[in-house]
Structure formats: C-alpha cells, structure tokens
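Have a look at the structure below before the remarks.
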Amino acid sequence: MDVAVVFLPLIGAIIAGLFGRQIGDRGAQLVTCGLLGLSALLSLVVFHDVVIAGNVHVTELFTWIDSGSFELSWALKLDTLTAVMLSVVTVVSCMIHIYSIGYMAHDKSIPRFFSYLSLFTFFMLMLVSADNFLQMFFGWEGVGLVSYLLIGFWYERPSACAAAIKAFLVNRVGDIGFALGIMGAFFLFGAVGFDQVFAAVPEFAEARFTFVGIEGHALTIICILLFIGAMGKSAQIGLHTWLPDAMEGPTPVSALIHAATMVTAGVFMVCRLSPMFEYAPVALSLVTYVGAITAIFAATVGLCQNDIKRVIAYSTCSQLGYMFFAAGVSAYGAAIFHLGTHAFFKALLFLGAGSVIHAMSDEQDMRRMGGLWKRIPYTYGLMWAGSLALAGIPFFAGYFSKDLIIEAALGAGSDAGVFAFWMGVSAAFLTALYSWRLILMTFHGKPRMEQSIWDHVHESPKVMIIPLFVLAAGAVFGGAAAPFLVGDGREAFWGESLLVLFGNDSIEAAHHLPLSVKLLPIVVAVLGIAVAYWMYMAQPGLPAALARTFRPIYLFLLNKWYFDELYDALFVRPAFAIGRGLWKKGDGAVIDGYGPDGIAATTISLAQRISRLQTGYVYHYAFAMLVGVVGLVTWYILSRLG
Amino acid sequence: MSDWPLLSLITFLPLLGAAFIFFIRGEQEDIARNARSVALWFSFGTFVLSLWLWFSFERGTAEFQWAEEVLWIPGFNITYRMGVDGISMPFVLLSTLLTPLCILASWEAIKVRVKEYMIAFLVLETMMVGMFCALDLVVFYIFFEGVLIPMFLIIGIWGGARRVYSAFKFFLFTLAGSVLMLLAILAIYFETGITDIPTLLDTRLPPEMQTWLWLAFFASFAVKVPMWPVHTWLPDAHVEAPTAGSVILAGVLLKMGGYGFLRFSLPMLPEASALFTPLLIYPLSIIAVIYTSLVALAQEDMKKLIAYSSVAHMGLVTVGIFTVTQQGIEGAMIQMLSHGVVSAALFLIVGVIYDRMHSRLIERYDGLVERMPAYALMFMVFMLASVGLPGTSGFVGEFLVLVGAFQVNTAVAVLCASGMVLGAAYMLYLYRRVIFGKMTKEDLRTILDLSWREKAIFAPLIAVVLWMGIYPMSFIDVMAASVANVIDNYEAALAAAEGPSLAALWPVE
C-alpha cells in the first residue's frame, strides 16, 4: 500500500505525459487527479497504520547500488515523520491538482502540466519516504528537476526560462554540499542507510577528520555540508535568490512546489537527520542563526514588493526561516508542525492570489488592483483566513505552530536561541504588516485598474474555490493537532523518528515560559495589522512619504538587498568571461599555438630555411666545407693545448 | 562452452561484412542501398552475438573468460590471445551496440561513397572490439593503432569544411602518444621476454623502470581520454566528423584511454601510479573538469560544446580510476559506459537537427519544442543524464567516483564536485537556447519531428540510460570481481614495495 501511495502519481504522470495527445486534456486531468486522489486516501490509511497502529516499517524494493561497502536499496521507510509528510504532501497536492483544472483551463498544454504536477508529487514522496541518503538525494534532485520544468512551463517567455535555469543552478550549488555531506557520512560511518548511520552516531560522536585541510569535529562538518544542501532547497539567505524568480511559473506551481512542499524539503531533511544534528551542536546553532536571519531578511524585503506573488514568496522564505531555527533549537516537532500548517495556509494564500490574478486577467501588480473585495467575496474571505493563520492570530493554525517556535527559541536558552527569539518576534510584526498590506492594497481602496479589466473581474469557478475551502479548513483548524505533535503526547507520537537529546528539549522549556513572553508574538502581530491599517487605509499617502524620506533604505529593500546584482557580478559574468578567455586564449593561443599548430608552423619554417641552404652553387658548398675544416682544426688544436 | 572462438567471431564478423560490401557491384544506387543493408545486418548480427557474451559471462570471478590462444609469431613468443574479464566485457558491448546505431544514423546523412563509408565503419568495429579483447601486448597495439586508420578516413573524407586539418590533428596527436607506448611495449618485451597480458599482470617490473614506462603509457592514454592539455584535438575532430564518427569517437574511442589506464598503468605499474597520481592525474583531471566546463559555457557550436563536456566527464573517470577504491573504479567504469551512451546520444541529437538545417550553431535554432516535442523529450533525457540527475546513468558514475575520491582526498572531491554546477549550467543553457523560447526563425517553422528511424535509434539508448541509473547492479555485478582483483593486486604490490624502501629509510638496528 505504501508502494501504491508513492508510485500512483508516477503512473499518472507517465500516462498524462506520454499519451496526453491520445487521451486529451480531460483524460489527462482525470487520470492524474484520480490517481493522486487515490494516493491521498491511501496515505491517510498508511498514516493510521503507522502512527496509530504503530506499524513502523521499511518496505524494500530492490538493490540500487552495491559497490564495495557502499550498498543501498530502493526502499520506503515508513515512520511517523514520513507518514505525516505523506499525508500533507498528497492532500495539498491533490487540492492543487483539482484547482489547476480551473486555473489552467485556457492553457494549450494541459496534459504536460498535469504530468509535471504528478511527477513532482512522486519525487516529493520518494524524498520523504527515503530510507537512505541517496534515495533522498534522488527525490531531492527530482523535485528540483520538476521545479525547473514548471518554472519554465511557459517556455516562450525569456524571463521564465532564465528563472528556471537559475532555480536549478542555485539548487545545484546547495546540492554540492548535500552530496559532499553524504560522502562524508559514508566515509565516517561506512554506510548510507539512515538506520545504520543513526545507530552508529553515538559511537562516532567525538570523531574527528580532516576536510580540505580543516581538521575538525566530523559530525559538525558533515552536518554543515548537509545543511548547505538544505539551504539551497529551502531558499535560506545566500541561496534564496531563485525563489522569488520562481514565481514565473503558473500559480498552482508556486503554491505546491514553492510554498507547500518542495521548499520545505530542507526542513524535513534536518528533522529526518535529527539523530545526527543532535550530536553537532555547532551545526545546530548555525542552523538557528541562518534561519533567524532569513526570517527577518525575507520579511523586510516582502514589505516593499509590489508583485502579489513575490510578497507571498518572500513570506514563504521568511516562514522557512522560522522552521529552520525551530529545528536549530531542537524543536523538531514544532518545525514539522509549522511545516504542516504552513503548507495549508500558504497554499491557500497562493491559490487565493491565483484566484485574484485569474480575476484580474493576469495582472500581478498590486499597485494596479484595489477594491476587489466586493467582486470576489469568497476569495477575499479565504485570503483573510490564510493571512490570519500566517500572522499567528489566536486559534488559527499558525498561532499554535509559529508562537511555539518563537517560544522554543527563547526556551532553548542558548545565545543563538535568544537571537532567534528577537528576530522571530520582529519578523512576526513584519509578517502581519506585509500580509495586511497585501490584503488592503488588493481588496480595499479605490480600484486602480483600467475599466475594461474592472468590468471583467469575476469570482473563480467552483473547481477552484472548493479546494480553497479544504485548504482553509486546514488553515483554520490545523491547530487541533497541536497536542499530539508538540504537546505532552509528542514523544509517543513521534516515536523514534525524531531524536532530541536530554537537556535539549526546548519545546518542554517553551511550555514553562512566563505569560508575557507567550503574549508577545500575538501583541506584535496585532500591532502589525494596526500599522498596516494606519498606513494603507487611514493615511494612504504615508508609505510613499516614507519611501521618499528613507530612500536608500527603501531602494535597498526594493532591490532585495542587491543579492542578484552581487551574484551576477561575482559569478555569472566572470564564468562566461573566463570560459571565453580560456577557450580563445588557453586552448586557441597557448595550447594549440605552442602545441600542434606551433610545431607544424616551426617545422614548415625550418624546412624552408634549410631549403634555402641548398643553393646549388659550388662555391657556397666549398665555403661551407672550408668553414667546417677551420672549425675542426681549431677545435683539435684547442683541445690538444687545453 | 568456450571451445568455440566467440570473441574472434565478434571481432571479425564485421570485417567479413566489410569484405562482402567490397565485392558489391552494380549501379551507384544499388551499391549504396546494398552496402547500407549489409552493414546494418552484419553489425546487428555482431551485436546479437555479443549479447551471448553478456549472458554467458560468469559473474563473480576475475578470470579472463572465453580465452583463445593461437601461436602467431613463434620466434618472438608472440601469441594471438583473446579473452575478456569484467573490465573489458562491457566495452565490447558498448562498441557492438553503438555501431549498428551509427549505421542507422548515417542512413540518409551519407550520400557520397556510401560503400567505402560502410566498409570503414565495419573495419572500425573490428578494431575496437579487437582492442578490448586482446590479451597480448602486440595484438593490443595493432588493434589500438588500427582504430586510427578508419577514423582518420571517416573524418577526412566525410567530414565538414575543415576536415583535413582536424583529421591530421587527430591523427598526429594520437600517433605521437602511441609511438611512446610502442617504445614502452618494446621495453617491457626486452625486460621480461613476454607480451602476454595476463602473465604480465602478475609480473613485477623494477620500480625505476616503471616511472618511464608509466609516462610512456600515460602519453598515449592521456591523449585518448583526452586529458587537459592534450584535449584540443577533440573539439576539432568532433566538429568536423560526420555525426556517426562523433558518436564512435565520443562513445568508444575516448574509453580506450580509460581502459588502458585500468588495464596497464594501474596493475602493471603500481608504484609509478602511486607516485604520479597526486602529481599528474589529480591536477590535470581537476583542471579538465573546471576548465573545460567553463569553456563549454562559452561555445556557440553545439558539437563543440558537447565535445568539451566530454573532456570534463572523462576528467572524472581518470580521478575515479586512480583513487584505487572499489567505488572510485566502479564509478569510473560506470561513468565511461554512461558517457559512451549519453554523449553518443547527444551527438546523434545534434545530428538530427543538423540533417534538417545543416547548421550546428546554437543561435541558428530556437523554440524547437513547438514543432518537435518528441525530440525535445529525448534531448531532455540525455541532457539530464549528462548533468548527472539521480535515476540516470550519469549520476551513478559521477557519485561513485566522488565517493571514491572523498575517501582519498577531500579537496579533490570538492573540486570535482564543482563540475556538478558547471555541467548543469552549460547543458541547461544549451537546452534553453535550442529548445525553449519563441520560435522566431522563419525556416524552422516547417522542421519535422523525429522519424521512426530516428526514434528507433534513440529508444535503446534511453533504455540503457535509465536501466543503468535505476538498476546499475547488472553492470556493477559484472565488473565487481575484476575491479576488486585490480585493487588487491595494487595494494599487495605497494605493500611489497613499501617494505624495502621503508627499510632503506629507517634501517632496523
């Protein structure tokens, strides 16, 4: 059955992809949605089987690689962590498949789109159910591939193609870290299966090795390398530049891949590898710092973007930062919990944004929106639900998960934790601010679009709205899972799938914090909403005035801290320039010039010079002989004398 | 089972086909048609025969199988000796698989001197297969050099505009290396009095001699692989060669270098290998990976781009072989087989649009997916295999090599891993410029998607790429015992060598 959960989407993808022309658009939609729906239902059965009945197991398919002691199989590892991820991924993916029927109705290559979506789901499921590093890497690269394909789905747009390549390459940079981490793990433990490695970790807790001349704590080095991979996939600061550009893809893709599932793979990885990270405290604090900085960085940038999808993209980036610093302070349960709730409310926000874009005839700039709430009331309400959950307003899903993360950071008591706490609180304020900025700019105020577009504004069809309600249900009631995932029952719930060393239990510590700390995130969130109201409803001229007064800061934020420009100048241009230089100068002028071409040219010129000696005049030859005789005699005499 | 000479049959069946074609007479048209069919049937028959080799091959032993022995030049103790082990057998199959595909690919592309072309290809197949099967140094050398002749002709006669320059460059580069190898072979013969490879594998050559022998072999194999900086013949040869020529060149000829390292340098000259690995092999390979990847990024000609990518991929192979770890060598083997299939396929991919538009320039194309969806899909699969996406053959090879390298030297692993990004960069950039975008060129609007003949060429290659990626065990099983044997002998030899030299350094009191 677990095999069916994972492979049904693959079958759907193959049918829709290869036989799309034969079965038609409708056929492709039915096949992929049907199989994915089945997979989602089965995943709930698996969840029951694994989590409630306690049947944790590994389903081995067949050997993949067996080279010396480097041996591993294709296998599905079913434990609580996997079961949770399976359910979240399949349910969200299923909703997005259905939504896409409506959203992509006018597209010219529908089977291709659905094939990609299902293929993505397959790779994602392989990733979360991997029982060894390499299979995880397989899923990891696979989701990256489909992400590439889907960002570039509208291949006629140059910007989409560029964004697709950028996403793939930036991810690859991270993947080098991941790959080296895997090699390091194999080098240290002599195995790449999770079970073998985790069992061996305590034994190697103090081991050291030398990596590129740096001698250090082996587990720390490995964990940092692996984390670099996670940073790439989860768009953490430094390797985040691809995520906003990835919004070039169709909106359902942004919702599924670049919000709900794929980008959370890095968080999942750190949690899955908690038995290793727990023994590498330095690596964990690095995770915390990176997560905390990303949370605040992305929130500041999100504040100044005008493209509705980019605001949500930066919001995703920021929320991923939260998940990472949760994992960094050993609150893995909270990280996964937030991953789950975030999947629902962020997918909801994206699809809501998609519904707005759909209504606005593909307009994405919020400066040309406004006053939409009357025309598209369902979307409006759903966006509120999503935003309330995102801002962590009490009793919505985000309240339970996000507040816990912020508290756990303080509860951990470390320097990194305290830093993350303050960053988290500040980012919470900004989160509320940009969320309501989005709502107010989009739905309220005077309509700022052209009349023809305004006349055309319409609510989306049922096939798009109903999935939104399902997701909204998750965003509103998802907090109900809190007692199991992060409450007192958490140890029984997670079983052996997460490891928290004694003394690192920050979730426990979070439960004992004073009330004032617990209230702080809520207070700042409400404050953020109030400020947004003040700036965008009460005093609409204020944002522009602020932007004028603090122009350098505004530009800095608007241009996303100039990361793209920096990378372009540091890596992209030099790579092309060096490549061209090596080709023309290195290969052409030096190697060929002094090598084959040079030798050939020398041979020819030598031959020509020698040929000039053959003049045919006897007196020339006689003179040469004379010179020779004189030379020989001189040499003879000198050598005799000397 | 092994009383009939299977290997000789596989080796010389194509030659028989060539003789057949030689005697075809009649109208120009008929000759061409018959020559194509005869060549296809003979090469296909060879492939079927070689499948027998695959199935009858006994796994789990490092012994040479299907061994044959005929005394050839008794006075010099030179014997015609054939046999395959887990290292050479996969290459025999690679050669026999690619040849019929090449002939299919040339079906319509070659219009002049079809008869001679087919003869050249069949002779080439004989030489390639013979080289991988040969178990006597002299026989090996004859086949090794013999490969040059048909290839030289194929580039020089059926090539592009600068074919003569390229053909000579190719010939002189490889010949310069081979001459040194010939000297080395003679030196071995005068030292030991034998040219029998299996016996030589167990013979220890004096260390001071090893250094020179190693360098001589290195000169020959490094040109073949090709390693930086003796790689510049490759882009030129590829660009000018006809499609099928590039396929064999990239698919099989480059592997002769890697095979040579694995068959001769490492097992016969272990001390010298240990000495030169950090001095020559690692630096040159790393330069190859990074340098040629960057150069590939700047290319405007598709074939040149793929040629440069070959140099980068083969750089990983040399690293893998000289890590002398189970993962490293098996990874190098898989990488060679994978590259043999993938780069061959990529050249065929370029050939498809070259046949239609007669241009290899990237800027000549855009938005092909619009008109050629099947082509775009095939291109995608091979591109991803070249990039090394897990699930394709490229990944298994690349990753195992890096695993091997990591155990020996982490810096080498890190530098080679940078190829993961650079490789993806130039391939994705190529794909985007050719396949994606809006179709703006008027004359592309009537371009046709793959024909059945072309699909039939790509289908087996895709199957192999996925098979090797998802279940590489069928290949690793074949080679594991032989690879383990190489490593054991290497380590034993080094251990034996270390004793006296250590004793010399720290005399025991």
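Its DSSP H runs of at least 4 residues, each contributing -39,500 (n - 2.57), put the calculated 222 nm mean residue ellipticity of chain A at -22500 deg cm²/dmol, to the nearest 500. For A:HIS511, the shell of other residues with beta-carbons less than 13 Å away shows a net charge of -3, using +1 for Lys and Arg and -1 for Asp and Glu.
A P(r) calculated from all alpha carbon pairs of the stretch A:154-197, with 5 Å bins opening at zero, reads 5, 20, 16, 13, 11, 10, 9, 7, 7, 2 percent.
Given the stretch A:444-539, what whole percent of its Cα pairs are spread farther than 16 Å? More than 16 Å apart: 78 percent of the Cα pairs in the stretch A:444-539. Here the sum of -39500 (n - 2.57) over DSSP H runs of 4 or more residues, divided by the residues of chain B, equals -24000 deg cm²/dmol at 222 nm, to the nearest 500. Just so you know, the Cα atoms of the stretch B:208-364 work out to an Rg and Dmax of 16.0, 57 Å. Positive-end ranking of B:VAL352, B:VAL396, B:PHE406 along the dipole of the stretch B:339-457, with charges on Cβ about the Cα centre, is headed by B:VAL352. Relative contact order, whole percent, for the stretch A:385-469 stands at 19, derived from Cα pairs under 8 Å and 6 or more residues apart. Expressed as a whole percent, the accessible area of the protein assembly as shown that falls on carbon and sulfur atoms is 68 (1.4 Å probe).
What percentages, rounded to whole numbers, describe P(r) for the protein assembly as shown computed over all alpha carbon pairs with 20 Å bin width beginning at zero? Over the protein assembly as shown, the share of Cα pairs per 20 Å bin runs 11, 38, 32, 15, 3, 1 percent. Per residue, the convex hull around the alpha carbon atoms of the stretch A:483-544 comes to 148 Å³.
Per residue, the average separation of C-alpha pairs within less than 8 Å and at least 6 apart gives chain B a relative contact order of 15 percent. Residues of the stretch A:168-216 that bury at least 50 Å² of accessible area once all protein chains are present, compared with their chain alone (1.4 Å probe, heavy atoms only, ligands and nucleic acids left out), are A:PHE168, A:LEU169, A:ARG172, A:ILE176, A:LEU180, A:MET183, A:PHE187, A:VAL212. Evaluated at q = 0.11 Å⁻¹, the base-10 log of the normalised Debye intensity for the stretch B:154-258, with identical point scatterers placed on the Cα atoms, takes the values -0.42.
Each other residue within a Cβ distance under 13 Å of A:THR59 adds +1 if Lys or Arg and -1 if Asp or Glu, for a net charge of -4. A simple spin-label model places pseudo-atoms 7 Å from Cα toward Cβ; at B:ALA187 and A:LYS585 they are separated by 3.7 nm. With a 1.4 Å probe rolled over the protein heavy atoms of all chains, the accessible area of B:ILE155, A:ILE591 falls in the order A:ILE591, B:ILE155, largest first. Debye-formula intensities of the stretch A:66-127, expressed as log10 I(q)/I(0) at q = 0.13, 0.24, 0.26, 0.27 Å⁻¹, are -0.50, -0.99, -1.07, -1.11 (one equal scatterer per alpha-carbon, no solvent). Over chain B, the reciprocal of the mean inverse Cα-Cα separation, the Kirkwood hydrodynamic radius, stands at 23.1 Å. Filter the DSSP H helices in chain B by two things, a Kyte-Doolittle mean of at least -0.5 and an axial alpha-carbon span of 27 angstrom or more, and list the hits by number. Long hydrophobic helices here: B:28-56, B:114-133, B:163-192, B:302-323, B:326-357, B:410-434, B:473-505. Going from the chain on its own to the full set of protein chains, the stretch A:41-70 has these residues losing 10 Å² or more of accessible surface (heavy atoms, 1.4 Å probe, no ligands, DNA or RNA): A:PHE62, A:THR63, A:TRP64, A:ILE65, A:ASP66, A:SER67, A:GLY68, A:PHE70.
Looking at the stretch A:569-638, the chymotrypsin sites (Phe, Trp or Tyr not before Pro) that sit in a DSSP loop and have at most 11 other Cβ atoms within 10 Å of their own Cβ are A:TYR617. Using a 1.4 Å probe over protein heavy atoms, the accessible area lost on pairing A with B, summed over both chains, comes to approximately 5100 Å².
Within the stretch A:161-313, the ratio Rg/Rh, alpha carbon atoms throughout and Rh by Kirkwood, equals 1.03.
The residues of the stretch A:432-486 present an accessible area of 44 Å² per residue when probed at 1.4 Å with all protein chains retained.
Taking amide H as placed 1.01 Å from N in the peptide plane, the amide H of A:ALA75 sits under 5 Å from that of A:LEU61, A:ASP131, each at least 5 places away or on another chain.
Across the stretch B:1-118, how large is the tail of the calculated P(r) beyond 24 Å, expressed as a percent of all Cα pairs? Result for the distance tail: 39 percent. Kindly identify the stretch A:231-314 as rounded, prolate or oblate by the Cα gyration tensor criterion: order the square roots of the eigenvalues as a ≥ b ≥ c, call it rounded if a/c is under 1.5, otherwise compare a/b with b/c, prolate if a/b is larger, else oblate. Oblate shape, in that a/c is at least 1.5 and b/c is the bigger or equal ratio. Translational diffusion coefficient, Stokes-Einstein: compute it for chain A using the Kirkwood radius over C-alpha pairs as Rh, at 20 °C and 1.002 mPa s, and state it as an integer in µm² s⁻¹. D, rounded to a whole number, is 80 µm²/s.
At the residue level, A:GLU248 shows approximately 40 square angstrom of accessible surface with a 1.4 angstrom probe and all protein chains present.
For the stretch A:1-138, the alpha carbon convex hull comes to 101 Å³ per residue, rounded to a whole number.
Averaged over its residues, the stretch A:1-59 has an accessible area of 50 Å² per residue, based on protein heavy atoms and a 1.4 Å probe.
The residues packed around A:ALA179, meaning those with a beta-carbon under 11 Å from its beta-carbon, carry a net charge of -2 if Lys and Arg are +1 and Asp and Glu are -1.
When all alpha carbon pairs of the stretch B:344-427 are counted in 5 Å bins from zero, the resulting P(r) reads 3, 13, 19, 20, 15, 11, 8, 6, 4, 1 %. The distance separating the Cα centre of the stretch A:274-348 from that of the stretch A:17-39 comes to 35 Å.
At what distance in angstrom do the alpha carbon centres of the stretch A:155-183 and the stretch A:490-504 lie from each other? Taking the Cα centre of each part, the stretch A:155-183 and the stretch A:490-504 sit 34 Å apart.
The values are calculated or read from the model by the stated rules, or taken from the named source; none is laboratory data. Predicted model only: the values in this text are computed from it and were never measured. Ideal geometry is used to build each Cβ from the backbone, glycine not excepted, and the neighbour counts take in all protein chains shown. Areas reflect the complete protein model, heavy atoms only, side chains present, ligands, DNA and RNA absent. Shrake-Rupley method; radii C 1.70, N 1.55, O 1.52, S 1.80 Å.
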